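A short worksheet on the structure shown next.
The values are calculated or read from the model by the stated rules, or taken from the named source; none is laboratory data. Since the model is a prediction, treat every value here as computed from it, not as a measurement. All Cβ positions, glycine included, derive from the backbone under ideal geometry; neighbour counts span all protein chains shown. In case anyone asks, the SASA skips ligands and DNA or RNA and just uses the protein heavy atoms, side chains included. Shrake-Rupley method; radii C 1.70, N 1.55, O 1.52, S 1.80 Å.
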Amino acid sequence: MISTAAVRHHYLTSRAGLRLHALEFVGAGGAERSAPPVLLLHGVTGHACLWHDVGSMLCGGRRVIALDMRGHGDSQWSANGAYKTAQHVEDLEDVIAGLGLPSRLDLAALSWGALVAMEYAARHPGMVRRFAVVDVEPSFAQSETELFPRPDWFASSAELLEWERKANVYAPQPLLALHAAASVVPGRNGGFVRKHDPYFFKRWPFRSDDLWLVLPTLTMPMLMLHGEHSFVRLEVMKQMAAIAAQASCEEIANSGHLIPLDAPQELAGRLQKFFYE
């Protein structure tokens, strides 16, 4: 049995006509929510449930919402492959407006989600109070089609969980099981297929992004968080922090790239301190 914390599901329609899904984490005793809300964004091939444990730990005194980006999780796929970072930014604008969020909020975003959040923050500098950038570089040497090999089908839940266990060796087992289950749907031949657009087995559009010039324009307090064993380079994230107006860079031990999955308690603690200091 896989148990989850209490969540509220939101379904909204974007200006592009796509149905978008978000999870809101419901904390016990959190009726008084005076702190700014927190929005959480995942990376490519991810989903909102990746933030399950972190969101559950942050939501005591504030609204905490994790978005399924278009083409991922329970959000609708684009029929014509409209997956540029700028299009995700428009979706984020629509979700914030649709949920009636106030004019000041905090962002914590992983990988591609962090690039989306950077562009959003640049467009709406007065909207973002504090911004945590989780394990990403602002530009890439690889092309959009130079991708990591990943299986697109699993014969059983056991096979899926074993693959995820090998790919995420630091993740706590209960969260890993939830992440695995939330990442697939029943598919061909009685097995399971990934719960994202197959487009992302062929192309990652953000590989053409270059946000180095955006970083110096972001004036809100920023926290750069790097996973100790991630393929993302720590020295690059330190450079990012150096050119931003108010930024620091920290490393989280015993974590790969998917820090919300590998080290949820440590990440939640860092975010709690950063958002409340």
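Kindly indicate whether ASN168 is farther than 14 Å from THR45 by Cβ and either surrounded by 16 or more Cβ atoms within 10 Å (Cβ to Cβ) or polar (S, T, N, Q) (or both). Walk me through how you get there before you give the answer.
Working: farther than 14 Å from THR45 by Cβ: no; either surrounded by 16 or more Cβ atoms within 10 Å (Cβ to Cβ) or polar (S, T, N, Q) (or both): yes.
For ASN168, the condition - farther than 14 Å from THR45 by Cβ and either surrounded by 16 or more Cβ atoms within 10 Å (Cβ to Cβ) or polar (S, T, N, Q) (or both) - is not met.
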Item to check | Residue check for ALA109: within 25 Å of GLN272 (Cα to Cα), in contact (Cβ under 8 Å) with a residue 12 or more places away in the chain and of a type in the set (Gly, Ala, Ser) | outcome: yes
Next on the checklist: For the structure I just gave you, tell me whether ARG194 is under 24 Å from VAL38 (Cα atoms), basic (Lys, Arg) and under 20 Å from the mean Cα position of the chain (by Cα).
Outcome noted: no
Checklist entry - Among the residues of segment 196-203, is there at least one that is under 24 Å from SER78 (Cα atoms) and touching a helix residue (DSSP H, G or I) at 6+ places or on another chain (Cβ under 7 Å)? => result no
Next on the checklist: For segment 1-23, give me each residue that is surrounded by 19 or more Cβ atoms within 10 Å (Cβ to Cβ) and over 15 Å from SER78 (Cα atoms).
Outcome noted: VAL7, ALA22, LEU23
Checklist outcome for this item: Note on segment 110-165: residues open to solvent by 40 Å² or more (accessible area, probe 1.4 Å) and under 17 Å from ASP210 (Cβ atoms) are GLU119, ALA122, ARG123, PHE140, ALA141, GLN142, SER143, GLU146
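Suppose we filter segment 44-67 for residues that are among the acidic types (Asp, Glu) and either out of contact with any Leu (no Cβ under 7 Å at 6 or more places or on another chain) or surrounded by fewer than 22 Cβ atoms within 10 Å (Cβ to Cβ) (or both); how many remain?
Of the residues in that region, 0 qualify.
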Checklist entry - If you scan segment 171-218, which residues turn out to be open to solvent by less than 20 Å² (accessible area, probe 1.4 Å), assigned to a helix (DSSP H, G or I) and of a type in the set (Ser, Thr, Tyr)? => result none
Checklist entry - Taking segment 92-109, which residues are buried (at least 24 other Cβ atoms within 10 Å of the Cβ) and either acidic (Asp, Glu) or in a loop (DSSP other than H, G, I, E, B) (or both)? => result ASP106
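Let's see how each residue does on (1) at pLDDT 95 or above; (2) surrounded by 19 or more Cβ atoms within 10 Å (Cβ to Cβ); (3) outside any loop (DSSP other than H, G, I, E, B):
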| site | (1), (2), (3) |
| --- | --- |
| VAL236 | yes, no, yes |
| MET240 | yes, yes, yes |
| GLU250 | yes, no, yes |
| ASN254 | yes, no, no |
| PRO260 | yes, yes, yes |
| LEU267 | yes, yes, yes |
